[in-house]
There are 2 protein chains.
Amino acid sequence: MYQHNGKTTDKLIAEEAEITNMPSKREHDVLVSTGEQITIAKLCMCLQKMGYDAISYTGWQIPILTNHIYGNARIKEIATDRIKDDLQERKIVVVAGFQGVDEDLNITTLGRGGSDTTAVALAAALQAERCDIYTDVDGIFSADPRVVKNVSKIENISYDEMLELASLGAKVLHNRCVEIGKKYHIPIYVKSTFEEESRGTLVHEEEYMEKLSIRGIAKEDNIVRITLVGKNNKIGQIYRVFKLLADYDINVDIIVQAFGEHMAKDISFTIKEKDLSLTLELLNQHADMFDIQEIKSCTGLSKISIVGVGIGNHPGVAANLFEVLYENNINMHMISTSEIKISVLVNHNVADIAMNAIHNRFIEEIENNSIITR
Amino acid sequence: MYQHNGKTTDKLIAEEAEITNMPSKREHDVLVSTGEQITIAKLCMCLQKMGYDAISYTGWQIPILTNHIYGNARIKEIATDRIKDDLQERKIVVVAGFQGVDEDLNITTLGRGGSDTTAVALAAALQAERCDIYTDVDGIFSADPRVVKNVSKIENISYDEMLELASLGAKVLHNRCVEIGKKYHIPIYVKSTFEEESRGTLVHEEEYMEKLSIRGIAKEDNIVRITLVGKNNKIGQIYRVFKLLADYDINVDIIVQAFGEHMAKDISFTIKEKDLSLTLELLNQHADMFDIQEIKSCTGLSKISIVGVGIGNHPGVAANLFEVLYENNINMHMISTSEIKISVLVNHNVADIAMNAIHNRFIEEIENNSIITR
């Protein structure tokens, strides 16, 4: 299985932009799918030069059958006969990631995270023991090393924890491939391409133990909190607000509703800063329909999340988190909790201080004291 | 139909050379076939931007079924249902040239002249009225404009004449595509991509007329004449000499045999200079077996050919040609004639003088005097 480096594809997209800023989605996929095709041929040549028997396959040669959504296709089925025959003959099989073919033989691409998705989907189709993904980092870390100094590598992590960390900005594995791994029980081993001795991170179904285990701390910048204040202490048909935003591809993350005696009086939610102007425009247009009296927005926020199995069952974690922030004079603008994570919104200018303090309390201190084994 | 510009492919081949100088032929085809795939996608984007409804197809999408000779595949069959449907819907269909797919879904490429070959083969499969090929020159000329000053454009030429000119170095159309055109009666119209008013050259089945019509003068440099002198006035099993050379991919062009009273005493033939050392090595190794007493070679020759329907029936042409050379003090080292051409070997250092003198006599003078209409 092979990890797409993306340089060739970036160049193709730049050349495309010189032609048009509205390329046909079908032709876009015809164009960008060549990047991986070039890579599989070159990789096979390298392997052959080293004396290995290698053979390449594009998406349509396997075939990796997808639906017909150009640029963001979903895998429907992967044929494995040919690969199995090759493996039987001890060949190294190199399959192009990121691409497939629809039922009418049109070339499709899988969109973001498509290369990893192909790899894990292939592993599932072949009922492989494990899928190894070689990437440019040495696995998943307890926090972003550019922000936090003493990060430690996570050696084992469950699919669910990984899904939380991925969506929170860990960016090493895309959610789509982790979801397939979870669904088909394929352990995913993330390792570094560049380090011979890389031990990496194993994403798999861990046995749930009662004990708490904090995996990592993630941060996401450029968050806006929107608060809608209802007329006469009520907001009407609130689900339609979110349906409206979804129709315009605006991603709503945390939603917090404060209940009054009978009715919701106001509701807060977060969006990405890039969606702010469109969101305000839509909300203002529909303010009357939804009984909205006032729209408040607070920009320049960062979301910090701690992720780990057992958080939901250990109320002490939240208290501990709030204490750290209080000790560092950091205000929280919003709190959200789930079974395996707690997220807080803080001002962007203190986010890195918060990250370090939280990481120190939950990862480093605990590691050093061996109170909780990870 | 689209003419391959080759720049992308050249770059891919350079990158390949950095990896290995012995690439697997299968992976080589996987790699270089991406060049045309990139081109068809970009061309469709351009057409769509101009408001046309365009759709691209790779070789395997059509499919253009070939044999399994990687790098030099021959087209076996072209499916046309999908193209016909698209044309019915008034779409512009853009098909990748130079590539196909074998019965096992491996990618193949057609080798030299493959893009033109795809175009004419498609036209044949679609029973098209004509195949237009846009290239970087404005058609076929009566001689190489870099050598001869007053060249004129050929407006009409028969397949056979074109085949002679192509193999003699005109280099605009590859023989393979002309052969397909001849076989399936597809007129090929060669025009310039860059000139709006290009009238080009039409290659088609001309009605044979009794009158002589000289089309063009071609030159090929770096020719070697080899002469084998037989033992006891005989050369044994001469066919085996040529079989031996063919086994080593050495292309023998003109063969002239001088007959003695009962047996061949010696035989001369021409090869390209690049094949000289291998040819001499092979001949020396087998000299005894073939009863060869002496091997002579004469390097630094050029072949000049005049091509035109009716040459074989007009002995005056040869006489005229020899006269021109005699007037210019140019020695001939070998002569070869066919129905539609006469070739002579001359020293390389006087080849351009010969070209100009011949062109002047056979093309310019005749044009000016309108003795023979072309």
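Before moving on, here are some points about what is shown:
- Filtered residues of region B:289-310 (kept if aliphatic (A, V, I, L, M) and either modelled with pLDDT of 85 or more or surrounded by fewer than 20 Cβ atoms within 10 Å (Cβ to Cβ) (or both)): B:MET289, B:ILE292, B:ILE295, B:LEU301, B:ILE304, B:ILE306, B:VAL307
Yes or no, residue by residue, for (1) at pLDDT 90 or above; (2) in contact with a helix residue (DSSP H, G or I) (Cβ under 8 Å, 6 or more places away or on another chain); (3) buried (at least 21 other Cβ atoms within 10 Å of the Cβ):
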site: B:TYR134; (1), (2), (3): yes, no, no
site: B:ASP138; (1), (2), (3): no, no, no
site: B:ALA143; (1), (2), (3): no, yes, yes
site: B:LYS149; (1), (2), (3): no, yes, no
site: B:LYS153; (1), (2), (3): no, no, no
site: B:GLY169; (1), (2), (3): no, no, no
site: B:ASN175; (1), (2), (3): no, yes, no
site: B:ILE188; (1), (2), (3): yes, yes, yes
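- Taking every residue in region B:214-233 that is over 14 Å from B:LEU283 (Cα atoms) and pairing it with any residue that is aromatic (Phe, Trp, Tyr) and buried (at least 22 other Cβ atoms within 10 Å of the Cβ), at least 6 positions away or on another chain, the pairs with Cβ-Cβ distances below 9 Å are B:ILE214/B:PHE362; B:ILE217/B:PHE362.
- Of the set (1) closer than 17 Å to B:GLY216 by Cβ; (2) exposed (fewer than 14 other Cβ atoms within 10 Å of the Cβ); (3) among the hydroxyl-bearing types (Ser, Thr, Tyr), all apply to B:SER277 but (1).
- When we screen A:ASN320, A:ASN347, A:ASN356, A:ASN329 for residues that are surrounded by fewer than 20 Cβ atoms within 10 Å (Cβ to Cβ), polar (S, T, N, Q), farther than 20 Å from A:SER213 by Cβ and more than 24 Å from the chain's Cα centre (by Cα), the only hit is A:ASN329.
- Cβ-Cβ contacts under 7 Å between residues 6 or more apart (or on different chains), taken from a first residue in region A:135-148 that is without any contact (Cβ under 8 Å) to a residue 40 or more places away in the chain to a second residue that is hydrophobic (A, V, I, L, M, F, W, C) and surrounded by fewer than 21 Cβ atoms within 10 Å (Cβ to Cβ), are listed as A:PRO145/A:VAL151.
- Annotation note: Cβ proximity below 6 Å between a residue of region A:265-292 that is within 12 Å of A:THR227 (Cα to Cα) and a residue that is hydroxyl-bearing (Ser, Thr, Tyr) and surrounded by 18 or more Cβ atoms within 10 Å (Cβ to Cβ) (sequence gap 6+ or interchain) occurs for A:ILE271/A:THR279.
- Qualifying residue in region A:267-285 (condition: within 30 Å of A:ILE358 (Cα to Cα) and modelled with pLDDT under 85): yes
The values are calculated or read from the model by the stated rules, or taken from the named source; none is laboratory data. Everything quoted here is computed from the prediction, not taken from an experiment. FYI the Cβ positions are ideal-geometry reconstructions off the backbone, even for glycines, and counts take in every protein chain you see.
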